[in-house]
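Following: one structure in structure tokens, then a few remarks.
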Amino acid sequence: MVLSPVIGKLLHKRVVLASASPRRREILSQAGLRFEVVPSRFKEKLDKAAFPTPYAYAIETAKQKALEVASRMHQKDLRAPDVVIGADTIVTIGGLILEKPADKQDAYRMLSRLNGKEHSVFTGVAIIHCCSEDGQLDTDVCEFHEETTVKFSELSEDLLWEYIDSGEPMDKAGGYGIQALGGMLVECVHGDFLNVVGFPLNHFCKKLVELYCPPRREDVQRVKHESIPPVDTFEIASDTAQGDEGCGPSRAGVDGHTGQAPAGPQGPDTNGLVENPPPFPSDLLDLIDGFKASKALFTACKLKVFDVLKEEGPLKAVDVARKINASVCGTGRLLDVCVALGLLEKTDTGYRNTRLASRHLASEGVCSLHGFVAYNDEHAWTVFTDLESAVRQGPRAAAGSPAEDPSQSRDRRLRFMRAMHGLAQLTARQVATAFDLSRFTSACDLGGCTGALARELAREYPRLKVTVFDLPEVIEHVSSFHPEGRQPERLRFVPGDFFKDDLPDAQLYVLSRILHDWADDRVHELLSRVSRSCKPGGGLLVVETALDERRAARASLPAALNALVRTQGRERSLAEYRSLLGQHGFREVQVAQAGDRLDVVLGTRASSAP
Ligand SMILES: Cc1cn([C@@H]2O[C@H](COP(=O)(O)OP(=O)(O)OP(=O)(O)O)[C@@H](O)[C@H]2O)c(=O)[nH]c1=O
């Protein structure tokens, strides 16, 4: 049975599934798709470190699998299939990508890593439309990914080995099959179950709707009046008004061109709408509306909605309104928007936090980003409204990072410190473990703010003594960030200015999220001071979000703008950071990623002066 009309659109096409996975075959054939199976010969050996995110890796692998089949079939038959579908499923935990285990020991290593914890399963999918012209293969690639989180129960060694001995883990990413025996390991799943099994059918159907069934004119007009994107529903796929022609393999739909669609036979009508409108630009509308979503999140945080619900949820809108001292109508709308944004859940008994909100948006807790949200709301929001003049005039004349600007008010400094503290706590472990730093016995975190990274370094390396060096007006507030009182013995805070004062002695210097705040001349000045203090064999660890050519990731783009509106600094590429370290006498420069957004660069001070 073909439930989704859009799958029906593919019935007259030659569709190929470029996969040997029996699960993918089953999911797609149960959805009513008719296709041939041609397993891909593409070796899954792409360099994972070359991708900004795990899903970028999965998408690229899926694309390469499908392209290999398309080009092999084209060469063999001189007729490529119409559509080739490739997919790749990976399991990720703590920044690590797990694929199919090589052997039983490998399966054991994977399952022990997942034991008792939550991990993400990503499937990257590529839908390739092929067309042969003059013997040449022409392809249009549409790609997407889906993420599902899965939590394993605490499992005994015996159970893990029993499961491994069943043989089930061996052909499955992460070493388990949720659809079979492996289901017993799983405590809960958040997201699309079939995505874990190997193919995100729901997202796939939505993509097909985008590709094959651009919205009808009535829908476009409705959008004009109501600003509600009529996408992502399968009803649009019903082709009563459009017929097969309008819903065909539109080039504009297939290659995602958002430009002008060719005018229909009558040309543009009086509204400027055309007979065959281009695919509805839902991503673009999301982008246009993006600031409203941010502001809703900021406001809910500021009003402590997530704190109230963490402590007492689920609660009805009227009760939340009373607790946050706001109107019932306004609160109800804000709560519904938070539900739509995936921050809250609405149940029969009222609204409650999603796990994401409880973890990151409530004001307390080690993973809280409440301070970072407040900083964005109260500071970044204001300066970004002036982005146009920053773009016109170039970076702000005001020098220095917010923590270092002496004219800053105490409140503003504290707000900035809270923001940095939240971010640093969240990433400290990944930064501390990006390289093995156990050869060092002393480290100095320059501009180390509240010591969040320094604490993690001290925790990770039991021999390491860590000094946090920051401005006196910053150090003065440190104790309020560690309410439990005493700092660990191997951690000390020294007030000073890294541009003026002698740097504390250390074997390893750390500059975490510092360099991007400064223009090139100041960066050279700082690095030459570090280089002079660092003894041969010592190290310099730089932590930044690098602008790398490979990284088309949106993650690094806001940072590029930050530097423009906030300081004289700028983001730099990994090649630039490497070169900066080289110019200041650091050799054997290595690069690693700490999570999705941060790059860590480590250099060793050479014996000869630069
Ligand atoms: C987490 C999980 C994974 N899988 C299977 O793991 C393989 C992933 O490997 P892949 O590289 O994406 O695919 P493949 O099997 O090598 O096939 P191919 O597409 O030819 O590369 C796929 O099979 C999936 O179903 C399950 O069956 N159940 C699960 O719970």
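The values are calculated or read from the model by the stated rules, or taken from the named source; none is laboratory data. What you see is a predicted model; the values in this text were computed from it and never measured. Backbone-built Cβ (ideal geometry, glycine too); neighbour counts: all protein chains shown. Keep in mind that these areas ignore ligands, DNA and RNA; they rest on the heavy atoms of the full protein, side chains included. Shrake-Rupley method; radii C 1.70, N 1.55, O 1.52, S 1.80 Å.
Taken over region 114-140, the criterion of being within 16 Å of the ligand (Cβ to nearest atom) and among the polar types (S, T, N, Q) is satisfied by ASN115, SER120, THR123.
Counting only helices (runs of 4 or more DSSP H) that fall entirely inside region 322-406 and contain at least 2 residues that are surrounded by fewer than 19 Cβ atoms within 10 Å (Cβ to Cβ), modelled with pLDDT under 95 and out of contact with any helix residue (DSSP H, G or I) (no Cβ under 6 Å at 6 or more places or on another chain), the qualifying elements are 328-340, 355-360, 381-384, 387-393. Scanning region 589-610 for residues that are in a loop (DSSP other than H, G, I, E, B) and over 10 Å from THR545 (Cβ atoms) yields GLY595, ALA606, SER607, SER608, ALA609, PRO610.
Among residues of region 407-457 being more than 28 Å from the chain's Cα centre (by Cα) and of a type in the set (Gly, Ala, Ser), the one that is surrounded by the most Cβ atoms within 10 Å (Cβ to Cβ) is ALA443. Taking the criterion of being within 16 Å of the ligand (Cβ to nearest atom), open to solvent by 20 Å² or more (accessible area, probe 1.4 Å), among the aromatic types (Phe, Trp, Tyr) and on the phi < 0 side of the Ramachandran plot, would at least one residue in region 56-75 satisfy it? Scanning region 56-75 turns up no residue that is within 16 Å of the ligand (Cβ to nearest atom), open to solvent by 20 Å² or more (accessible area, probe 1.4 Å), among the aromatic types (Phe, Trp, Tyr) and on the phi < 0 side of the Ramachandran plot.
Evaluating GLU44 against the criteria (1) within 14 Å of the ligand (Cβ to nearest atom); (2) crowded, with 21+ Cβ neighbours inside 10 Å; (3) closer than 30 Å to ALA432 by Cα leaves one unmet condition, (2). Residue check: CYS130 meets all listed conditions (1) touching a Pro at 6+ places or on another chain (Cβ under 7 Å); (2) under 22 Å from GLN105 (Cα atoms) but one, namely (2). Looking only at region 407-417, decide whether some residue is within 29 Å of ASP470 (Cβ to Cβ) and modelled with pLDDT of 90 or more. The answer is yes; a qualifying residue exists.
Among the residues of region 1-37, those that are in a loop (DSSP other than H, G, I, E, B), without any contact (Cβ under 8 Å) to a residue 40 or more places away in the chain and either within 16 Å of the ligand (Cβ to nearest atom) or among the basic types (Lys, Arg) (or both) comprise ALA20, LEU33, ARG34. Taking region 167-189 as the range and being under 19 Å from ILE97 (Cα atoms) and more than 9 Å from the ligand (Cβ to nearest atom) as the test, the residues that pass are PRO169, MET170, VAL189.
Filtering region 87-113 down to residues that are open to solvent by 10 Å² or more (accessible area, probe 1.4 Å) and part of a helix (DSSP H, G or I), which residue is farthest from the ligand (Cβ to nearest atom)? Looking at residues that are open to solvent by 10 Å² or more (accessible area, probe 1.4 Å) and part of a helix (DSSP H, G or I), I get GLN105.
Checked against (1) open to solvent by less than 20 Å² (accessible area, probe 1.4 Å); (2) within 16 Å of the ligand (Cβ to nearest atom), CYS205 meets all criteria but (2). Would you confirm, using the coordinates I've provided, whether LYS304 is open to solvent by 70 Å² or more (accessible area, probe 1.4 Å) and in contact with a Ser or Thr (Cβ under 6 Å, 6 or more places away or on another chain)? The answer is no for LYS304.
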